[in-house]
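Enquirer: Can you keep this structure in mind? I'll have questions shortly.
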Amino acid sequence: MSLDSSTIEPVPASIRLSARFQHWVRSTRSFCIWQGLWESRRRQAWIFEGMTVTDWRNLAGCLADFLTARRVVRGWPLVIKIDTTPLCNLHCSVCIHAEPRGNPILARQHFHASQRMSVARFQQIVDEIRGRVHALTLHFLGDPLMHPELDTLCRIASCAGINTHISTNFSFHMEHRRIKDLLTSGLTHLSVCIDGLTQSVYDRTRSGGKIDRVLDNLRTACQVRRELHLRHPHIEVQYLLFNHNSHELPRARRLCHNLGVDQFTVLPGNPYNYSDAEPENFEVVNARRPGWLPMCFWPFFTMLIKYNGDVIPCCEHRSASQYTTNHDACRVLGNVFDSSVWAVWNSHAYQQVRSTVSNPLAASTQPGHHTNFCSACQRLFDLRRLRWAGTYADSIPPPSAQSSTPRADHPPAPCPPLAEHANPSACCEKPRHSLARGGIP
Ligand code: SF4
Ligand code: SF4
């Protein structure tokens, strides 16, 4: 079933243009350097605060590995992203959690309450990287607050001297105690996503969310931090800008300033879905000529560990494949629980990825290139689009079509209060059957 076109409000041309412009910029060579610098500046407290001499030496090692395009690196990742759980309570239009609406890639997504990293396994990772890696992100394609022991994970990392960052939609019914536990857990950076101030504007892209809850939680978080004189977490609000929410931006900025938020970041909104960037929607025209630097920084500075220990090099490519039933499409580079973080970081698969980003032209002539994680990545290859996977390329459903009308075959399941559920992930076990269809927290 797809949306009736009469209920669809077209995305304004300015947004379509800006998204195509973004796509082009992301594929340019210097983008990876600018992106790395911009992200480091935006989250400098999380990445740099409390760095020891060993951490600075490791950063220098990562830089040297990147500048010399080494296959076998000497430095540990500067940052590790840990996907504590891929579950989420919302169905944002950009995300793999969006309702399929005829999109076959989204129909293949598979979520289950058991998809969560246990505290013991998290501890195992921290024990290995302690004193070597300085910053962790605790989310990937889910909301970290869906993990009932998130504050314990932050506390473990903090005790090991590791900075932590989470990004959340904050649209949960949260008791004061849970917010306090989170704020006093040693969490370094908290990003909260707000894409509007009124419910009708907010839930056009944050489908299923409640802006009142988000603002209440944000107010409580700022208040708790003030009352307890906490230095951390640094609280950032992220506003994804679309035409439909631009009129609420000044008011949102003022409100956040009055609440005591430290940082208000405006990012261009993406009217497309992650699944539109899947390699199966493209044909590779040719590999790009190498420059004097590797064309991507990810395999030299960061690593992404999924909830089950599987590792992929970045969160920009094949993201809509990671939780599908097609396990071959994940292209994982190893598993940290089968070996170790260091063994995977310098494994043959990781070395192949580093060769590919350093010289995609040469790598594309090697046997087995097509099974490489980075094959068909827009940073390394010129691509021709074959199809759009999502309906969101041309439309953002208006509020009436998106969230308020219950659908017989996929009724909206209200997320029970997190603090109250016995099984906090149960509300995310979305049936992915007859309908086939996508922040960014
Ligand atoms: S973008 Fe974030 S908040 Fe929205 S559905 Fe995806 S994981 Fe959840
Ligand atoms: S797929 Fe490879 S080249 Fe593309 S962003 Fe990820 S790590 Fe970089």
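Enquirer: Calculate, in nm to one decimal, what residue 68 and residue 343 gain on full extension: separation in residues at 0.36 nm each, minus their alpha carbon distance. Present the calculation step by step, with values, prior to reporting the outcome.
Expert: Numbers: separation 275, 0.36 × 275 = 99.00 nm, distance 2.09 nm.
Here the answer is 96.9 nm.
Enquirer: State, to one decimal in nm², a quarter of the convex hull surface area for the C-alpha atoms of region 221-336, i.e. the direction-averaged projected area. Don't skip to the end; give the middle numbers.
Expert: On the way: hull surface 48.5 nm².
Computing the convex hull of the Cα atoms and averaging its projections yields 12.1 nm².
Enquirer: Translational D (Stokes-Einstein, µm²/s) of region 192-252 at 37 °C and 0.692 mPa s when Rh comes from the Kirkwood sum over C-alpha pairs?
Expert: Result for D is 264 µm²/s.
Enquirer: Arrange the following residues from fewest to most other Cβ atoms within 10 Å of their Cβ: 232, 327. Before the final figure, lay out the partial values.
Expert: On the way: 232 20, 327 11.
The order, fewest Cβ neighbours first, is 327, 232.
Enquirer: Another question, if that's okay. Based on alpha-carbon positions alone, could you give the equivalent ellipsoid semi-axes of region 279-350 from the gyration tensor, as √(5λ), descending, whole Å? Numbers along the way, then the final one.
Expert: Numbers: eigenvalues 101, 69, 18 Å².
Semi-axis lengths for region 279-350 are 22, 19, 9 Å.
Enquirer: With a 10 Å radius around each residue's Cβ, average the other Cβ atoms per peptide and rank 245-251, 319-325, highest first.
Expert: Working: 245-251: 14.7, 319-325: 21.1.
Highest mean packing first, the order is 319-325, 245-251.
Enquirer: Give the peptides 45-53, 139-147 in descending order of average Cβ contacts within 10 Å, highest first. Don't skip to the end; give the middle numbers.
Expert: Numbers: 45-53: 15.9, 139-147: 25.6.
Descending mean neighbour count gives 139-147, 45-53.
Enquirer: What length, rounded to one decimal in nm, is gained on full extension from residue 60 through to residue 289, with 0.36 nm per residue of separation minus their alpha-carbon distance?
Expert: 79.7 nm
Enquirer: Suppose R0 equals 30 Å. What FRET efficiency, 1/(1 + (r/R0)^6) with r the Cβ-Cβ distance, do residue 316 and residue 118 give to the nearest 0.05? Please list the in-between numbers first.
Expert: On the way: r = 27 Å, r/R0 = 0.91.
Computed FRET efficiency for residue 316 and residue 118: 0.65.
Enquirer: Stretch residue 53-residue 365 to full length: gain in nm at 0.36 nm per residue minus the Cα-Cα span? Intermediate values should be presented prior to the final figure.
Expert: Numbers: separation 312, 0.36 × 312 = 112.32 nm, distance 4.16 nm.
The residue 53-residue 365 span can extend by a further 108.2 nm.
Enquirer: Would you give the gap between the C-alpha center of region 86-150 and the C-alpha center of region 242-321, rounded to a whole Å?
Expert: Here the two parts' Cα centres lie 15 Å apart.
Enquirer: Send over the per residue convex hull volume for region 116-167, Cα only, as a whole number of Å³. Could the numbers behind the result be given before it?
Expert: Working: hull volume 3.6 nm³, N = 52.
So the per-residue Cα hull volume is 70 Å³.
Enquirer: Taking all pairs of distinct Cα atoms, average 1/r, flip it, and tell me the Kirkwood hydrodynamic radius of region 244-398 in Å to one decimal place. Numbers along the way, then the final one.
Expert: Numbers: mean 1/r = 0.0556 Å⁻¹.
Kirkwood radius, region 244-398: 18.0 Å.
Enquirer: Just how many % of Cα pairs in region 175-280 lie over 19 Å apart, if you round to the nearest whole percent?
Expert: 48
Enquirer: Oh, and also: Could you tell me the calculated FRET efficiency between residue 388 and residue 216, based on Cβ-Cβ distance and R0 = 51 angstrom, to the nearest 0.05?
Expert: On the way: r = 37 Å, r/R0 = 0.73.
The calculated FRET efficiency here is 0.85.
Enquirer: Moving on to the next point. Count the net charge of all other residues whose Cβ sits under 14 Å from the Cβ of residue 330, scoring Lys and Arg as +1 and Asp and Glu as -1. Kindly include the intermediate steps, with their values, before the conclusion.
Expert: Working: positive: 108, 306, 318, 331; negative: 83, 278, 280, 310, 328.
Computed value for this residue: -1.
Values in this text are rule-based calculations from the coordinates and carry no lab data. Keep in mind that what you see is a predicted model, and the values were worked out from it rather than measured. Positions of Cβ are generated from backbone atoms using ideal geometry, with glycine treated the same way; all protein chains shown enter the neighbour counts.
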